[in-house]
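The values are calculated or read from the model by the stated rules, or taken from the named source; none is laboratory data. Computed from a prediction, not measured in an experiment: that's the story for all the values here. A quick note on method: Cβ atoms are made from the backbone with ideal geometry, for glycine too, and the neighbour counts reach across all protein chains shown. The accessibility values were calculated without ligands, DNA or RNA, using every heavy atom of the protein model including side chains. Shrake-Rupley method; radii C 1.70, N 1.55, O 1.52, S 1.80 Å.
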Amino acid sequence: MKLNVQLVGRCYGPFSFTASQDSILMFNRAVDAPDNRAHPAYAACFNQKPFSVALRDPELNLDFSRLLHAGQRFEFFSVIGPGSQIVTDGRIENIYAKGDLEFVVVASESRSPDGVVLLRGLYTGVVK
Amino acid sequence: MNASVMQFVGSNFAMKNKPFEFRIGHSHTVCKFISPETPVRYAEASGDRNPLHLDAEAATQRGLGGAVLHGMCSMAFMLSGLMLLCGESVFIRDVDLRFSFPVIPGEVVVFKYVVARTEPGRLEFAVSARNSAGREVLKNVRVGAVIRNSSQEHTI
(Lines give C-alpha, C1' and ligand atoms only; values in the text may rest on other atoms or scores of the structure.)
Protein backbone atom coordinates (compact mmCIF):
# COMPACT_ATOMS: atom_id res chain seq x y z
CA MET A 1 0.00 0.00 0.00
CA LYS A 2 1.67 3.19 -1.18
CA LEU A 3 -1.03 5.61 -0.11
CA ASN A 4 -0.71 6.87 3.44
CA VAL A 5 -3.70 5.46 5.31
CA GLN A 6 -2.81 7.67 8.28
CA LEU A 7 -4.50 10.49 6.39
CA VAL A 8 -7.99 9.03 6.81
CA GLY A 9 -9.90 11.69 8.73
CA ARG A 10 -7.74 14.61 7.59
CA CYS A 11 -9.85 17.66 6.74
CA TYR A 12 -9.43 20.26 3.99
CA GLY A 13 -11.01 23.67 3.82
CA PRO A 14 -12.98 25.77 4.29
CA PHE A 15 -12.94 26.98 0.70
CA SER A 16 -15.10 29.94 -0.28
CA PHE A 17 -16.78 30.40 -3.64
CA THR A 18 -19.28 32.84 -5.05
CA ALA A 19 -21.41 31.68 -7.98
CA SER A 20 -21.65 34.21 -10.78
CA GLN A 21 -24.00 34.47 -13.72
CA ASP A 22 -21.02 34.29 -16.09
CA SER A 23 -19.55 31.14 -14.55
CA ILE A 24 -22.95 29.42 -14.47
CA LEU A 25 -23.61 30.21 -18.13
CA MET A 26 -20.08 29.21 -19.11
CA PHE A 27 -20.49 25.89 -17.34
CA ASN A 28 -23.94 25.34 -18.83
CA ARG A 29 -22.61 25.94 -22.33
CA ALA A 30 -19.78 23.45 -21.75
CA VAL A 31 -22.18 20.68 -20.72
CA ASP A 32 -25.03 21.58 -23.10
CA ALA A 33 -27.46 22.34 -20.30
CA PRO A 34 -31.02 22.66 -21.60
CA ASP A 35 -31.77 25.91 -19.76
CA ASN A 36 -30.10 28.77 -17.86
CA ARG A 37 -30.52 27.36 -14.37
CA ALA A 38 -27.25 26.32 -12.70
CA HIS A 39 -26.62 22.77 -13.88
CA PRO A 40 -26.37 20.23 -11.01
CA ALA A 41 -22.83 19.37 -12.11
CA TYR A 42 -21.85 23.03 -11.64
CA ALA A 43 -21.11 21.67 -8.16
CA ALA A 44 -17.77 20.55 -9.61
CA CYS A 45 -16.67 24.20 -9.62
CA PHE A 46 -16.63 24.38 -5.82
CA ASN A 47 -17.56 21.09 -4.13
CA GLN A 48 -14.68 19.24 -5.83
CA LYS A 49 -12.05 21.52 -4.29
CA PRO A 50 -11.30 19.42 -1.15
CA PHE A 51 -10.89 16.31 -3.33
CA SER A 52 -8.43 18.13 -5.61
CA VAL A 53 -6.47 19.50 -2.67
CA ALA A 54 -6.42 16.18 -0.79
CA LEU A 55 -5.06 14.34 -3.82
CA ARG A 56 -2.17 16.80 -3.97
CA ASP A 57 -1.39 16.50 -0.27
CA PRO A 58 2.29 15.48 -0.31
CA GLU A 59 1.75 13.26 2.73
CA LEU A 60 -0.75 11.14 0.80
CA ASN A 61 2.07 9.75 -1.40
CA LEU A 62 -0.20 9.68 -4.43
CA ASP A 63 1.27 9.49 -7.92
CA PHE A 64 -1.07 11.94 -9.60
CA SER A 65 -0.11 10.70 -13.05
CA ARG A 66 -1.69 7.32 -12.25
CA LEU A 67 -4.92 8.68 -10.82
CA LEU A 68 -8.37 8.29 -12.37
CA HIS A 69 -11.75 9.43 -11.11
CA ALA A 70 -13.52 6.18 -10.29
CA GLY A 71 -16.83 7.15 -8.75
CA GLN A 72 -19.03 10.05 -7.84
CA ARG A 73 -22.02 10.66 -5.65
CA PHE A 74 -23.93 13.90 -5.09
CA GLU A 75 -26.88 14.87 -2.93
CA PHE A 76 -28.45 18.21 -3.80
CA PHE A 77 -30.52 20.08 -1.24
CA SER A 78 -30.83 23.52 -2.74
CA VAL A 79 -30.60 25.37 -6.03
CA ILE A 80 -27.46 27.42 -6.62
CA GLY A 81 -27.96 30.77 -8.31
CA PRO A 82 -25.96 33.85 -9.29
CA GLY A 83 -24.59 35.47 -6.15
CA SER A 84 -24.81 32.31 -4.04
CA GLN A 85 -22.01 32.31 -1.48
CA ILE A 86 -20.73 28.84 -0.76
CA VAL A 87 -18.34 27.43 1.81
CA THR A 88 -16.96 23.93 1.26
CA ASP A 89 -15.16 21.56 3.61
CA GLY A 90 -13.92 18.07 2.91
CA ARG A 91 -12.44 15.07 4.66
CA ILE A 92 -10.64 11.92 3.58
CA GLU A 93 -13.19 9.24 4.41
CA ASN A 94 -11.30 6.14 3.38
CA ILE A 95 -8.13 4.82 1.80
CA TYR A 96 -8.06 1.18 0.82
CA ALA A 97 -6.65 -1.35 -1.63
CA LYS A 98 -8.46 -3.84 -3.81
CA GLY A 99 -6.06 -6.12 -5.68
CA ASP A 100 -3.43 -3.94 -7.35
CA LEU A 101 -5.63 -0.86 -7.16
CA GLU A 102 -5.63 1.73 -4.41
CA PHE A 103 -8.60 3.97 -3.67
CA VAL A 104 -9.02 7.26 -1.88
CA VAL A 105 -12.47 8.53 -0.91
CA VAL A 106 -13.14 12.18 -0.03
CA ALA A 107 -16.43 13.49 1.34
CA SER A 108 -17.22 17.12 0.66
CA GLU A 109 -19.97 19.35 2.00
CA SER A 110 -20.98 22.76 0.67
CA ARG A 111 -22.97 25.16 2.82
CA SER A 112 -24.30 28.67 2.73
CA PRO A 113 -22.47 31.15 5.01
CA ASP A 114 -25.17 30.66 7.66
CA GLY A 115 -24.62 26.91 7.71
CA VAL A 116 -27.42 25.57 5.52
CA VAL A 117 -26.21 22.45 3.72
CA LEU A 118 -26.55 22.95 -0.05
CA LEU A 119 -25.04 19.75 -1.33
CA ARG A 120 -22.79 16.86 -0.42
CA GLY A 121 -20.36 15.05 -2.67
CA LEU A 122 -18.47 11.79 -2.32
CA TYR A 123 -15.46 11.43 -4.60
CA THR A 124 -13.58 8.20 -5.24
CA GLY A 125 -10.21 8.22 -6.94
CA VAL A 126 -8.33 5.12 -8.05
CA VAL A 127 -4.58 4.81 -8.51
CA LYS A 128 -3.74 2.30 -11.23
CA MET B 1 -27.95 6.05 -34.03
CA ASN B 2 -31.01 5.62 -36.24
CA ALA B 3 -31.46 9.00 -37.92
CA SER B 4 -35.04 8.20 -38.89
CA VAL B 5 -36.17 8.13 -35.28
CA MET B 6 -33.74 10.56 -33.70
CA GLN B 7 -33.99 14.32 -33.80
CA PHE B 8 -31.19 16.63 -32.84
CA VAL B 9 -32.16 18.76 -29.90
CA GLY B 10 -30.02 21.49 -28.44
CA SER B 11 -26.29 21.12 -28.96
CA ASN B 12 -25.27 17.71 -30.27
CA PHE B 13 -28.05 15.87 -28.44
CA ALA B 14 -30.37 13.58 -30.37
CA MET B 15 -33.49 11.99 -28.98
CA LYS B 16 -36.79 10.51 -30.06
CA ASN B 17 -39.52 13.07 -30.19
CA LYS B 18 -41.88 11.51 -27.68
CA PRO B 19 -42.83 12.42 -24.12
CA PHE B 20 -41.08 10.75 -21.17
CA GLU B 21 -43.70 8.97 -19.08
CA PHE B 22 -42.94 8.72 -15.38
CA ARG B 23 -44.01 5.11 -14.88
CA ILE B 24 -41.80 2.21 -13.83
CA GLY B 25 -40.04 0.56 -16.73
CA HIS B 26 -40.58 3.38 -19.20
CA SER B 27 -37.35 4.24 -20.97
CA HIS B 28 -35.94 6.86 -23.24
CA THR B 29 -32.69 7.06 -25.16
CA VAL B 30 -30.59 10.13 -25.85
CA CYS B 31 -27.49 10.23 -28.02
CA LYS B 32 -24.75 12.76 -27.39
CA PHE B 33 -21.95 13.59 -29.79
CA ILE B 34 -18.83 14.50 -27.81
CA SER B 35 -17.22 17.23 -29.87
CA PRO B 36 -13.40 17.40 -29.96
CA GLU B 37 -13.36 20.78 -28.21
CA THR B 38 -15.45 19.55 -25.27
CA PRO B 39 -12.55 18.85 -22.84
CA VAL B 40 -11.11 22.35 -23.34
CA ARG B 41 -14.52 23.95 -22.82
CA TYR B 42 -15.15 21.87 -19.71
CA ALA B 43 -11.67 22.60 -18.32
CA GLU B 44 -12.22 26.35 -18.74
CA ALA B 45 -15.66 26.19 -17.15
CA SER B 46 -14.81 23.89 -14.22
CA GLY B 47 -11.18 24.79 -13.54
CA ASP B 48 -10.14 21.12 -13.87
CA ARG B 49 -7.09 21.35 -16.13
CA ASN B 50 -5.67 17.87 -15.59
CA PRO B 51 -3.38 17.23 -18.61
CA LEU B 52 -4.99 13.83 -19.03
CA HIS B 53 -7.96 15.66 -20.57
CA LEU B 54 -6.10 18.32 -22.52
CA ASP B 55 -2.77 16.90 -23.59
CA ALA B 56 -2.92 13.93 -25.97
CA GLU B 57 0.73 13.13 -25.39
CA ALA B 58 0.36 13.06 -21.61
CA ALA B 59 -2.70 10.84 -21.91
CA THR B 60 -0.99 8.52 -24.39
CA GLN B 61 1.91 8.07 -21.97
CA ARG B 62 -0.65 6.67 -19.55
CA GLY B 63 -1.90 4.20 -22.10
CA LEU B 64 -5.16 5.98 -22.83
CA GLY B 65 -4.62 6.47 -26.55
CA GLY B 66 -5.27 10.21 -26.45
CA ALA B 67 -6.88 12.88 -24.32
CA VAL B 68 -10.06 11.69 -22.63
CA LEU B 69 -13.15 13.51 -21.48
CA HIS B 70 -13.41 14.51 -17.81
CA GLY B 71 -15.50 11.92 -15.98
CA MET B 72 -17.46 14.74 -14.39
CA CYS B 73 -18.27 16.06 -17.86
CA SER B 74 -19.64 12.64 -18.84
CA MET B 75 -21.79 12.78 -15.73
CA ALA B 76 -22.91 16.30 -16.61
CA PHE B 77 -23.95 15.24 -20.13
CA MET B 78 -25.86 12.32 -18.63
CA LEU B 79 -27.73 14.76 -16.40
CA SER B 80 -28.26 17.24 -19.25
CA GLY B 81 -29.94 14.50 -21.29
CA LEU B 82 -32.24 13.67 -18.40
CA MET B 83 -33.06 17.35 -17.88
CA LEU B 84 -33.87 17.64 -21.59
CA LEU B 85 -36.29 14.73 -21.27
CA CYS B 86 -37.94 15.88 -18.06
CA GLY B 87 -38.01 19.62 -18.58
CA GLU B 88 -38.23 22.02 -15.67
CA SER B 89 -40.75 19.87 -13.83
CA VAL B 90 -38.09 17.90 -11.96
CA PHE B 91 -35.21 18.79 -9.66
CA ILE B 92 -32.22 16.44 -9.64
CA ARG B 93 -31.93 15.35 -6.01
CA ASP B 94 -29.07 12.87 -6.07
CA VAL B 95 -26.78 10.97 -8.39
CA ASP B 96 -24.52 7.99 -7.84
CA LEU B 97 -22.29 6.37 -10.45
CA ARG B 98 -18.99 4.78 -11.39
CA PHE B 99 -16.75 5.93 -14.21
CA SER B 100 -15.97 2.62 -15.88
CA PHE B 101 -14.33 3.50 -19.21
CA PRO B 102 -12.87 6.69 -20.67
CA VAL B 103 -14.94 8.71 -23.14
CA ILE B 104 -12.97 9.82 -26.18
CA PRO B 105 -13.85 13.15 -27.83
CA GLY B 106 -15.28 12.58 -31.28
CA GLU B 107 -17.43 9.61 -30.33
CA VAL B 108 -21.12 9.34 -29.56
CA VAL B 109 -22.38 8.29 -26.14
CA VAL B 110 -25.80 6.71 -25.91
CA PHE B 111 -27.64 7.30 -22.64
CA LYS B 112 -30.63 5.13 -21.82
CA TYR B 113 -32.84 6.31 -18.96
CA VAL B 114 -35.25 3.90 -17.32
CA VAL B 115 -37.76 4.87 -14.64
CA ALA B 116 -36.73 2.45 -11.88
CA ARG B 117 -38.89 3.65 -9.00
CA THR B 118 -41.69 6.05 -8.35
CA GLU B 119 -43.00 7.48 -5.11
CA PRO B 120 -45.29 10.43 -4.59
CA GLY B 121 -43.32 13.44 -5.74
CA ARG B 122 -40.16 11.44 -6.34
CA LEU B 123 -38.60 9.46 -9.18
CA GLU B 124 -35.56 7.26 -9.51
CA PHE B 125 -33.87 6.58 -12.83
CA ALA B 126 -31.44 3.82 -13.74
CA VAL B 127 -29.17 4.96 -16.53
CA SER B 128 -26.84 3.16 -18.88
CA ALA B 129 -24.20 4.98 -20.90
CA ARG B 130 -22.35 3.31 -23.76
CA ASN B 131 -19.80 4.56 -26.26
CA SER B 132 -19.82 4.01 -30.02
CA ALA B 133 -18.36 0.54 -29.55
CA GLY B 134 -21.09 -0.44 -27.10
CA ARG B 135 -18.82 -0.36 -24.06
CA GLU B 136 -20.24 0.95 -20.79
CA VAL B 137 -18.59 4.26 -19.88
CA LEU B 138 -20.69 4.85 -16.74
CA LYS B 139 -21.84 2.04 -14.45
CA ASN B 140 -24.31 1.60 -11.63
CA VAL B 141 -25.90 4.95 -12.45
CA ARG B 142 -28.80 6.01 -10.26
CA VAL B 143 -30.39 9.44 -10.41
CA GLY B 144 -33.03 10.58 -7.94
CA ALA B 145 -35.33 13.46 -8.78
CA VAL B 146 -38.22 15.24 -7.14
CA ILE B 147 -41.17 16.79 -8.86
CA ARG B 148 -40.71 20.54 -8.62
CA ASN B 149 -42.72 22.18 -5.91
CA SER B 150 -42.03 25.54 -4.38
CA SER B 151 -42.11 24.01 -0.89
CA GLN B 152 -39.38 21.49 -1.77
CA GLU B 153 -36.64 23.83 -2.85
CA HIS B 154 -35.28 27.24 -2.26
CA THR B 155 -32.66 29.35 -3.94
CA ILE B 156 -29.99 30.99 -1.84
Starting from the eigenvalues of the Cα gyration tensor, five times each then square-rooted, give me the equivalent ellipsoid semi-axes of the range A:5-127, largest first, whole Å.
28, 16, 12
Which of the trypsin sites (Lys or Arg not before Pro) found in the range A:23-126 are in a DSSP loop and have at most 15 neighbouring Cβ atoms, other than their own, within 10 Å?
A:R56
Per DSSP, loop trypsin sites (Lys or Arg not before Pro) in the range B:59-137 with at most 12 further Cβ within 10 Å
B:R135
Candidate aspartates and glutamates for bridging to A:K128, where Cα separation is under 16 Å - those fewer than 8 sequence places away on the same chain excluded:
A:D63, A:D100, A:E102
In the B-A interface, the accessible area buried, summed over both sides, Å² (probe 1.4 Å)
3300
Tell me, how many Å apart are the Cα centres for the range B:53-105 and for the range A:1-36?
15
Kindly provide the helix-only [θ] at 222 nm of the protein assembly as shown, computed as the sum of -39,500 (n - 2.57) over DSSP H runs of four or more divided by all residues, to the nearest 500 deg cm²/dmol?
-5000 deg cm²/dmol
If you count, for every residue in B:81-93, the Cβ atoms of partner chains within 10 Å of its Cβ, what is the mean?
3
Taking a probe of 1.4 angstrom, what is the accessible area of A:M1 in Å², to the nearest 10?
120
Read phi for every residue in the range A:57-74 and hand back ³J(HN,Hα) as whole Hz from Karplus 6.51 cos²θ - 1.76 cosθ + 1.60, θ = phi - 60°, with x for Gly and Pro.
5, x, 6, 6, 6, 9, 7, 4, 6, 10, 8, 10, 7, 9, x, 8, 9, 9
Separation between Cα centres of the range B:21-35 and the range A:78-123, rounded to whole Å
28
Per residue Cα convex hull volume in Å³ - calculated over the range B:7-147:
106
Translational D (Stokes-Einstein, µm²/s) of the range B:36-107 at 20 °C and 1.002 mPa s when Rh comes from the Kirkwood sum over C-alpha pairs?
161
Threshold 40 Å², the range A:38-54 residues less accessible with all protein chains present than alone (1.4 Å probe):
A:H39, A:P40
Mind checking which of A:Q6, B:G63, B:V114 is farthest towards the positive end of the protein assembly as shown's charge dipole, using Cβ charges of +1 (Lys, Arg) and -1 (Asp, Glu) about the Cα centre?
B:V114
For the protein assembly as shown, what is the accessible area per residue in Å² when the probe is 1.4 Å?
45
Please report, in whole Å, how far the alpha carbons of the range A:1-72 spread along each principal axis, starting with the longest.
45, 25, 16
Lysine-lysine proximity count for the range B:7-147, Cα under 16 Å, sequence distance 8 or more or distinct chains:
5
Of all accessible heavy-atom area on the protein assembly as shown, the percent that carbon and sulfur account for (1.4 Å):
49
Tell me which chymotrypsin sites (Phe, Trp or Tyr not before Pro) from the range A:53-117 have a DSSP coil assignment and no more than 16 other beta carbons within 10 Å of their own.
A:F77
Where does the protein assembly as shown land on the Kirkwood hydrodynamic radius, alpha-carbon pairs, in angstrom?
19.4
